[in-house]
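Please read the structure below before turning to the comments.
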Amino acid sequence: MTTEMDQKTKSNVATKKLTLIQAINEGMDMVLERDENALILGEDVGKNGGVFRATDGLQEKHGPDRVIDTPLSESGIIGTSVGLAVNGMKPIAEIQFMGFIYPAYDQIMTHVSRIRARTMGRFSVPLVIRAPFGAGVRAPEIHSDSAEALFTHMPGIKVVCPATPYDAKGLFIAAFEDPDPVLFMEPMHNYRSFREDVPTEYYTVEIGKGKKRIDGEDVTLITWGAMVPLVEKVANQLKEKGISCEVIDLRTLYPIDQDIIAESVKKTGRAVVIHEAPRTGGLGNDVVSIINDTAFLYLKAPVERVTGFDVPVPFFSLENHYLPTPERMKKAIEKVVHF
Amino acid sequence: MTTEMDQKTKSNVATKKLTLIQAINEGMDMVLERDENALILGEDVGKNGGVFRATDGLQEKHGPDRVIDTPLSESGIIGTSVGLAVNGMKPIAEIQFMGFIYPAYDQIMTHVSRIRARTMGRFSVPLVIRAPFGAGVRAPEIHSDSAEALFTHMPGIKVVCPATPYDAKGLFIAAFEDPDPVLFMEPMHNYRSFREDVPTEYYTVEIGKGKKRIDGEDVTLITWGAMVPLVEKVANQLKEKGISCEVIDLRTLYPIDQDIIAESVKKTGRAVVIHEAPRTGGLGNDVVSIINDTAFLYLKAPVERVTGFDVPVPFFSLENHYLPTPERMKKAIEKVVHF
Amino acid sequence: MNKAYPMKQVIDDQGNLVDTSSSSQISKELAQNAYYHMYRIRTFDKKAKSLQRQGRIGTYPPFEGQEASQVGSALALRENDWLFPTYRDHGAMLTFGSNMTRTFLYWNGRLEGCVPPEGKNIFPAAVPIATQLLHAVGASWAEKRKGTDNIAIAYFGDGATSEGDFHEGLNFASVFQTPTIFFNQNNGYAISVPFERQMNSRTIAQKGVAYDIPSVRVDGNDFFAVYFEMQEAIKRARSGNGPTLIEAVTWRTGAHTTADDPTKYRPEGLGQDVVDPIVRLERFMKNQGYYEDEFIATTQSKVEEEIEAAVKEMEAYPKANVEDLFDHVYANPPEQLMEQKNSYLQLLGGE
Amino acid sequence: MNKAYPMKQVIDDQGNLVDTSSSSQISKELAQNAYYHMYRIRTFDKKAKSLQRQGRIGTYPPFEGQEASQVGSALALRENDWLFPTYRDHGAMLTFGSNMTRTFLYWNGRLEGCVPPEGKNIFPAAVPIATQLLHAVGASWAEKRKGTDNIAIAYFGDGATSEGDFHEGLNFASVFQTPTIFFNQNNGYAISVPFERQMNSRTIAQKGVAYDIPSVRVDGNDFFAVYFEMQEAIKRARSGNGPTLIEAVTWRTGAHTTADDPTKYRPEGLGQDVVDPIVRLERFMKNQGYYEDEFIATTQSKVEEEIEAAVKEMEAYPKANVEDLFDHVYANPPEQLMEQKNSYLQLLGGE
Ligand SMILES: Cc1ncc(C[n+]2csc(CCOP(=O)(O)OP(=O)(O)O)c2C)c(N)n1
Ligand SMILES: Cc1ncc(C[n+]2csc(CCOP(=O)(O)OP(=O)(O)O)c2C)c(N)n1
Ligand SMILES: [Mg+2]
Ligand SMILES: [Mg+2]
């Protein structure tokens, strides 16, 4: 895993080696510290510190009035957050797993995302909705959905998805500061899979900007979330075989950084999009459209998509077949390179 | 509006001139008549005959046990339908407007669409969910959403969207006969906008097959629902200007008829997708991907998308600006033709 | 309506005082103020229906018959309270301080109709049924957190009680003891579905038991009954004693909306025994000597004038601005959206 | 647990009969059958926990402590009834006739675990909380439509009462008078959230009032209390008198799942006064002379054997079939999906 860091961290700011989930915990701790209107709501986020321990220690430190165990009620959590947010609070709502966000879909679609537009800015919902997502951790049914496309197709909300500890803390703080609602997707597969240097200070990573993780010449690999380390690995392996892959981590899924995609594909002339969610309706199609719109004349081969199949995320005995494998990625990369 | 009809209707079967909503009413009447397990559930579908009169007369004819007014509760309607369907009934559930389907999203996503897969076929949900959708009829807020992309990205369900009375009756009956759940989207703008000859007999239109509505040479226009008549009009206008447009009505949105798209774009080398839903995450992106996958080498210009903007469907004073206009379509068509 | 379950009443159909426990609080001023507001919103409602018939506004959901509920509840509120209405509660909103021109604009499909006057905590009408209950819980919870004694009221209908959000809202309010008033207008119908098919329970008030929320059933056509029960609930809320559920039993005199035809589903004559809430108040005022000709005449002319002016202003309002389609979706609209806007404006300009 | 609200009990913690109204129905056979099933599922549960610790199955949610509730309810059902469980109700499912090998397979991430034996109406465990209540309403409604007297039971926890689907399910059942039993196991916790923070009401039973659904609170650690109250509810349902809500007050002895650490949130010693339901039944059986050594010995060896065989079968089960990923999504899979399948199988074959 590349642990390239931004400018500021290359200078001599203090850092700590953190996992992705620790970085998010630290981000939450900091905003609770700095903004008295910040509060956390969710199922088991208090005493238990969250089923993944993302909010570990926060209730103890900031009090049960700031870090609040709610009833088991996703529409309740989000609907109440709307009311809190329009009245000056800055709620951070945890949805225990993204597969359980669906009961709140109505509140998010018809209110969270629309209140600013409906009231010409008179009311707004500065709400962060955190949701662990993705397969590959042998979780029970429904726990492993990747539902980003249901939210990127929802005007009025932003969708963010860090892949690394550094980005996780910085994007979380940016999401918190954002005047609009942000869905903050946490790849649970990456929660503890590696550590990297994370500045101890308060910093943001800009929403709407992707990141080039590996420079390459022959083909652009575009991905996000838990796929990022895997795609990097594939890129490194292919380098040895003489294929030079550029790897882009989108980091923000709405609004997508079109420039970083366009620039890279103009250079390489070839692209593969990789994501976990099912193929049809997946965000990969948006990336194909962006390439179509911005780099058509540079394309040397059709864009390939390596995605989850058009099936529900299966029981865990089959999940590794559902998820994009290095073999499928390589096959697609070779296909575009040798087109 | 072209009223091309299928083979069978060209022969001498009896027909009646019906509007789209009458055709759906007739389809429901027929399945209630033929299948004692068919039943209709929804808000105001009984005595009132539906807020659009889609179920007009059906309760009177088939009884309040077959055409059932439910409490105001979308998750209730769909969740109960799951239980009815796995136990031998064939429910037809009406969601009053597609913008009110969101409270039922959890039941559709986690149960309706997954039960067959989860139980290896032991249980299945032969359920038709009817939902009027789309803007342009001066309806109040939320009533005008086009949410197809939230369901085409949902493995286990099919999505159907007739644009004409003939297709409406035939696709409805096909949806009813389908062993799997089908979301049946009804373009309310077309409910009464024109009539065509509809066979009085029982017939189906195959799910998964698009329809070429106008033959053309220069560019392929791909669309569905309420956009179909509008796109046909634009195609006819441009013919006079010397641009020959092929118009394809997808009719089924999942699974999409890839062949009809590929064949046409291979011929014309140019394509424009037109739909009402917002651009980002819209089904238009899937069409772009299909073209990328199947007709890349034939493409003479990037595919254009003419869609709703990335904003919530606005209040009706602005809805005609939100919806794709003939001007926007023409601009896009001219752009691809003169690329 | 279910007459089998008793409900709180202060004045009866004939305008007689039947419960004297609050009579010391009944004054000429209160009665006249109630009358003024009920007359005002009734006249607004009539005007809106007629504008719709003439095609000058869009589909409109009349609240005729529910004026005592809407005015009785809204008048009990205080400046900084929060109001979360449905599409049928523009009477309550106007009484609490909505702008009338903007209310007409709302029903004419204009975004401006959702923007309350500066300083007024009036949420735009919830169209998706029952969703606003949770917003009221959240907003009133925020007041509690800030240490104020402001409260929030959520309006909703009988049909709304069937949605999951009704339940989740009451449970949250109960668990967190938020200062929220759940104000139900049981007007007998949810579009075409009568109360008895919406639920099997004979009252809505009893649903409070599920959450140990104090609840009360009140005659929603009796201004005083509504107003005094609201005061009880508000007192409880302001003093930190949590939420209340109020079932105001009333009657939708007309159609669900101007697009609806109640003769399709409502038995002829049903509801004809319901005494109009304004008539009832008039009778009471006459009994008490509060029904003064001059007051009535002034009220009528003042209201007519206000409404005429509002209609005029609505119709003279600058055309809907296309830029508004794009500009309010985000505080800082993303580049893609600005591109969509610019290219569309360019196309429009070039026409 | 809330001891302030009385709940129905037949035998007390010491195994003494405290309610004799049903004592004529208590027989040695019934007691021994109850014991057999409770012992059987307890042993299954222990085995599952130990398999999980050894990495031989995935995350597992133990039901230890809830055996009287699960067996008492499931034994009251009849062959053609419908059972809609949660992830924690494999005890009830096994008692009603689930296949044990497949139950292990389920917790080993295998699709086969969701498929009930032919003819058995057992739905796969609902993971999204409270969703299954509506399925039970629908399935039992279908039975009513078919004119049978079969019923459906939905299992759910205390936490589940907070979801909208709980409310919508009870309302539908009440309005359509479906033969549905809503069987709540109030085990004190929803993961880390205790009953008192999940709701402000002191019982779950009282929530039935909202729908005019008959409800009862029963000692969920008392097999007989559960079994007899179930019979009442079932009688009502089969005879066309609609749904019942049963709150079985019990206790989750262990962790929420094998991934959970209750010491993080559960005060030490809490629940230690709860007498294990199997111990309680044993005491009763000893009091009555039903606790026969031979019966106990046979039961133990029979259960051990069955479980060992099931584990063996589970572990010898053919490897998960990749084709199953694709083949059951639709009755007639679309072309696109078949292409995805074929190209993936080809790639796998080529490895
Ligand atoms: C979630 C949702 N489902 C359906 C509708 C359509 N609809 C609008 S009003 C209405 C009836 C509401 O009845 P009630 O709650 O009694 O309020 P009332 O109209 O009588 O004031 C329905 C079904 C909606 N607006 N939202
Ligand atoms: C809709 C939904 N939200 C959250 C979860 C995560 N979750 C799994 S079990 C559980 C607690 C359930 O508590 P309860 O209903 O009391 O049942 P118990 O586990 O005690 O048997 C939660 C929150 C879920 N499965 N579904
Ligand atoms: Mg009503
Ligand atoms: Mg529990």
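Results, tabulated for the structure shown:
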item	result
Pair list, Cβ under 8 Å, 6 or more apart: the range D:104-130 residue farther than 22 Å from A:Glu319 by Cα and facing another protein chain (nearest Cβ under 7 Å), other residue modelled with pLDDT under 95 and assigned to a loop (DSSP other than H, G, I, E, B)	none
Residues that are more than 7 Å from every other protein chain (Cβ to nearest Cβ) and more than 22 Å from B:Ile173 (Cα to Cα), drawn from the range B:106-122	B:Ile115
The lone exception for C:Glu323 - which of (1) touching a residue at least 24 places away in the same chain (Cβ under 8 Å); (2) in contact with a Leu (Cβ under 8 Å, 6 or more places away or on another chain); (3) surrounded by fewer than 20 Cβ atoms within 10 Å (Cβ to Cβ) it fails	(1)
Hey, C:Thr131 among the β-branched types (Val, Ile, Thr) and either out of contact with any Asp or Glu (no Cβ under 7 Å at 6 or more places or on another chain) or closer than 28 Å to C:Thr20 by Cα (or both) or not	no
Tally of residues being part of a loop (DSSP other than H, G, I, E, B) and surrounded by 14 or more Cβ atoms within 10 Å (Cβ to Cβ) across the range C:262-281	7
Residue list for the range A:82-139, restricted to those being part of a strand (DSSP E or B) and of a type in the set (Val, Ile, Thr)	A:Ile92, A:Val128, A:Ile129
Residue in the range D:305-317 that is under 33 Å from the mean Cα position of the chain (by Cα), more than 30 Å from D:Ala31 (Cα to Cα) and hydroxyl-bearing (Ser, Thr, Tyr) present	yes
Scope the range A:36-63; condition assigned to a loop (DSSP other than H, G, I, E, B), more than 16 Å from ligand 2 (Cβ to nearest atom) and in contact with a strand residue (DSSP E or B) (Cβ under 6 Å, 6 or more places away or on another chain); matching residues	A:Asn37
Residue satisfying condition, being farther than 30 Å from C:Arg56 by Cβ and either at pLDDT below 95 or surrounded by fewer than 24 Cβ atoms within 10 Å (Cβ to Cβ) (or both), within set B:Ile173, B:Ile129	B:Ile173
Where C:Ala160 falls short, out of the listed (1) buried (at least 24 other Cβ atoms within 10 Å of the Cβ); (2) closer than 23 Å to D:Leu134 by Cβ; (3) within 11 Å of chain D (Cβ to nearest Cβ)	(3)
Conditions (1) buried (at least 24 other Cβ atoms within 10 Å of the Cβ); (2) over 18 Å from the mean Cα position of the chain (by Cα); (3) touching a residue at least 60 places away in the same chain (Cβ under 8 Å); (4) within 16 Å of ligand 2 (Cβ to nearest atom): number failed by D:Thr203	(1)
Residue, surrounded by the fewest Cβ atoms within 10 Å (Cβ to Cβ), within the range C:119-136, restricted to residues that are outside any helix (DSSP H, G or I), modelled with pLDDT of 95 or more and away from ligand 3 (no atom under 16 Å from the Cβ)	C:Lys120
Qualifying residue in the range D:48-59 (condition: hydroxyl-bearing (Ser, Thr, Tyr), more than 15 Å from ligand 2 (Cβ to nearest atom) and at pLDDT 95 or above)	yes
Residue satisfying condition, being within 21 Å of B:Phe339 (Cα to Cα) and either in contact (Cβ under 8 Å) with a residue 60 or more places away in the chain or among the aromatic types (Phe, Trp, Tyr) (or both), within set B:Pro326, B:Pro302	B:Pro326
Among the residues listed as A:Val67, A:Val86, the single one being more than 8 Å from every other protein chain (Cβ to nearest Cβ) and away from ligand 2 (no atom under 16 Å from the Cβ)	A:Val67
Strands (runs of 3 or more DSSP E) contained entirely in the range B:206-315, each with at least 1 residues that are surrounded by fewer than 22 Cβ atoms within 10 Å (Cβ to Cβ)	B:211-214
Test: A:His111 is more than 16 Å from ligand 4 (Cβ to nearest atom), surrounded by fewer than 22 Cβ atoms within 10 Å (Cβ to Cβ) and of a type outside the set (S, T, N, Q)	no
Unmet criterion (only one of (1) farther than 25 Å from D:Ser192 by Cβ; (2) surrounded by fewer than 23 Cβ atoms within 10 Å (Cβ to Cβ); (3) in contact with a Pro (Cβ under 9 Å, 6 or more places away or on another chain)) for D:Thr103	(3)
The listed residue being within 14 Å of chain A (Cβ to nearest Cβ) and in contact with a Leu (Cβ under 7 Å, 6 or more places away or on another chain), out of D:Ala205, D:Ala190	D:Ala190
Any chance D:Leu337 is more than 16 Å from ligand 4 (Cβ to nearest atom), within 30 Å of D:Lys207 (Cα to Cα) and crowded, with 16+ Cβ neighbours inside 10 Å	no
Among the residues listed as C:Val226, C:Val175, C:Val193, the single one being within 16 Å of ligand 4 (Cβ to nearest atom) and either at pLDDT below 95 or β-branched (Val, Ile, Thr) (or both)	C:Val175
Of the criteria (1) in a helix (DSSP H, G or I); (2) more than 16 Å from D:Phe284 (Cα to Cα), which one D:Asn80 fails	(1)
Number of the exception - C:Glu313 against (1) more than 14 Å from chain A (Cβ to nearest Cβ); (2) free of Cβ contacts under 8 Å to residues at least 24 places away in the same chain; (3) charged (D, E, K, R)	(2)
Where a residue in the range B:89-105 is facing chain A (nearest Cβ under 9 Å) and its partner, wherever it lies, is within 16 Å of ligand 2 (Cβ to nearest atom), with Cβ under 6 Å and at least six apart	B:Tyr102/A:Tyr105; B:Tyr102/A:Asp106; B:Pro103/A:Asp106; B:Pro103/B:Ser75; B:Ala104/B:Ser75; B:Ala104/B:Ile78; B:Tyr105/A:Tyr102; B:Tyr105/A:Tyr105
Flag for D:Pro267 being under 22 Å from A:Arg138 (Cβ atoms) and in the same structural domain as D:Gly109 (by TED's automatic domain parsing)	no
Hits in the range D:177-200 (condition: buried (at least 23 other Cβ atoms within 10 Å of the Cβ), over 20 Å from the mean Cα position of the chain (by Cα) and within 21 Å of D:Gly138 (Cα to Cα))	D:Thr178
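The values are calculated or read from the model by the stated rules, or taken from the named source; none is laboratory data. Since we're looking at a predicted model, the values are computed, not measured. Here the Cβ is made from the backbone with ideal geometry for all residues, glycine too, and neighbour counts use every protein chain on show.
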